[in-house]
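Reviewing the structure listed below.
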Amino acid sequence: MASGASAADPKVESFGKTKDGEAVEIYTIGNDSGFSARIMTRGATLVNLHVPDRDGKLVDVLLGFDDVSGYESEGNQYFGCTTGRVCNRIAKGKFSLDGKDYTLAINNEPNHLHGGVERSLDKVVWQAKSFSSDKGQSVRLTYTSPDGEEGYPGKLEITVGFFIPADRNSLSISYKATTDARTPINLTNHAYFNLGGEGSETVLNHRLRLNADNYTPTDDTLIPTGEIAKVEGTDLDFRGFKRIGARIKSVGETAAIGYDHNFVLNDREADAAMTLAAVLVEPESGRRMRVMTTEPGIQFYSGNFLEGQKGKGGKTYAHRSALCLETQHFPDSVNHASFPTTILNPGEEYSTKTIYAFSNAEADAAK
Ligand code: GLA
């Protein structure tokens, strides 16, 4: 490694076994500042993310569990997983492609959610390999989803890479896939963040800014109507920093029971590779997270279904004690020709990237 870059090499350890007896491993990657991530092979899941506060104190900002059985339990609401083949909802679990009708599992009445039930990408065990150079450390996970798995057409070869550069506190996640038949695909990571540390009470005092003038209104089952509407004048206006709790009461009285909305990211500058989608600040610790992505949308979900389940170290995960910022294509795109397409064709490569970059809010403001 280059001078100064003395972070230990990526580490791999056993994380136990699935209920079917499959071995699960957990990889640790990081840099010299102590910023580090742990990723397990079940569900290509981000288990821990240690981030410094303004004084350099590290805490884990992600909700999760201490072992595989926690992740297999009812209390796991997609914590940190790679979500797919198609994340978010597909109306009534139905779509048609090239004249053929497909039926998927209904696991969020009356819709299909997050890729299905038994063999969605969050539940299968992936193959993994770690890498290290002067530039940083990474772990690359691969999974081949056979034709017809969870009702989706085509054999899909998927690679998800997690990378931490040596010189910055950021985690980059890149997704790649190829298929042998036309198929919808929409991958995201479902990390639950609390920048005060997992187990802290609520995220209502976090400040959020979203680079989105528009969102996709939905029906009462959270399926988009197809309309693209302005956030202006609504509780969804996060164009300037807003306290998450400021208007959550009235959003809580809607069918979404809190924030659970897809925001349409503003077009990026012509020469920019990625869009700055979101900035999240936790004022007590000074932790600040920027989310950059190649995706056109972001689902902001305010942990409305968290119900006091016991997580890492027996901590209680209360209602709205974390939030998700899921970069993705719009929900139910496969049934909306006007939305950016989620169809992958044989011979093409699906390739998207999201970066979570961390810094100190006050230091940034002083620059
Ligand atoms: C997504 C959905 C939410 C919920 C969570 C998981 O963010 O939009 O409605 O299903 O996943 O609990």
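The residues neighbouring Lys11, those whose beta-carbon lies less than 13 Å from its own, together hold a net charge of -2 under the Lys/Arg +1, Asp/Glu -1 convention.
Each Lys or Arg adds one and each Asp or Glu takes one away; over the other residues whose Cβ falls under 10 Å from the Cβ of Val279, this sums to +3.
Report the Stokes-Einstein translational diffusion coefficient (µm² s⁻¹, integer) for the range 89-135, Rh taken as the Kirkwood radius over Cα pairs, at 37 °C with viscosity 0.692 mPa s. Using the Kirkwood radius from Cα pairs, D works out to 251 µm²/s.
Restricting the GluC sites (Glu not before Pro) of the range 318-367 to loop positions (DSSP other than H, G, I, E, B) with no more than 16 neighbouring Cβ atoms within 10 Å leaves Glu348, Glu349. Taking trypsin sites (Lys or Arg not before Pro) across the range 195-239, the ones in a DSSP loop with at most 15 further Cβ atoms lying within 10 angstrom of their Cβ are Arg239. For the range 31-173, the Cβ-based charge dipole about the Cα centre amounts to some 320 debye (Lys, Arg positive; Asp, Glu negative; other atoms uncharged).
As a rough footprinting exposure proxy, the listed residues Glu157, Glu307, Glu282 were ranked by other beta carbons within 10 Å of their own, and the order from fewest upward is Glu307, Glu157, Glu282. A convex hull fitted around the alpha carbon atoms of the range 154-286 yields 182 Å³ per residue. With coordinates expressed along the principal axes, the C-alpha atoms belonging to the range 52-120 extend over 58, 27, 18 Å, beginning with the largest. Counting other Cβ atoms within 10 Å as a rough exposure proxy, the listed residues Cys81, Cys324 run Cys324, Cys81 from fewest neighbours to most. On the principal axes of its alpha-carbon atoms, the range 166-227 has extents of 43, 39, 25 Å, going from largest to smallest.
Over 27 Å between C-alpha atoms is what I'm after, so list which of Lys92/Lys312; Lys94/Lys123; Lys155/Lys312; Lys129/Lys155; Lys11/Lys123; Lys230/Lys367 land there.
Violating the 27 Å limit, Cα to Cα: Lys92/Lys312; Lys155/Lys312; Lys230/Lys367.
Here the range 11-366 carries DSSP beta bridges of which approximately 100% are antiparallel, counting only pairs with both residues inside.
Calculated from the alpha-carbon coordinates, the chain shows an Rg and a Dmax of 19.5, 59 Å respectively.
Taking the alpha carbon gyration tensor of the range 11-86, multiplying each eigenvalue by 5 and rooting it gives semi-axes of 24, 14, 11 Å, largest first. Counting only Cβ charges, +1 for Lys and Arg and -1 for Asp and Glu, the dipole size of the range 226-365 around its Cα centre is about 680 debye.
Here the dipole of the chain is about 520 debye; that uses its Cα centre as origin and unit charges on the Cβ of Lys and Arg (positive) and Asp and Glu (negative). Could you work out how far apart the two model spin labels at Lys92 and Ser69 are, taking each label as a point 7 Å from the Cα in the direction of the beta carbon, and quote it in nm? Taking the simple label geometry, Lys92 and Ser69 are separated by 4.2 nm. Since only Ser351, Ser33, Thr221 are under comparison, the one whose Cα sits farthest along the positive direction of the charge dipole of the range 11-366, derived from C-beta charges on Lys, Arg, Asp and Glu, is Ser33.
Hey, how many Å between the Cα centroid of the range 190-222 and the Cα centroid of the range 25-48? Using only Cα atoms to place each centre, the spacing works out to 23 Å. The relative contact order of the range 11-366 comes to 18 percent, based on Cα pairs under 8 Å that sit 6 or more residues apart.
Cut-off is 10 Å between beta-carbons; in what order do Lys367, Lys19, Lys123 appear when sorted fewest neighbours first? Mind showing how you got there, number by number?
Values: Lys367 5, Lys19 8, Lys123 19.
With the sparsest Cβ surroundings first, the list reads Lys367, Lys19, Lys123.
Placing R0 at 35 angstrom, the Cβ-Cβ distance between Glu201 and Thr225 gives a FRET efficiency of 0.50 after rounding to 0.05. Expressed in units of 2.2 N^0.38 Å, where N is the residue count, the Cα radius of gyration of the range 277-364 is 1.41. Multiplying the residue separation of Glu349 and Glu284 by 0.36 nm and removing their Cα-Cα distance gives an extension gain of 19.2 nm.
Every number here is computed from the coordinates shown, using simple stated rules; none is lab data. Remember, predicted model here, so these are calculated numbers, not experimental data. Using ideal geometry, Cβ is built from the backbone for each residue, glycine included, and neighbour counts are taken over all protein chains shown.
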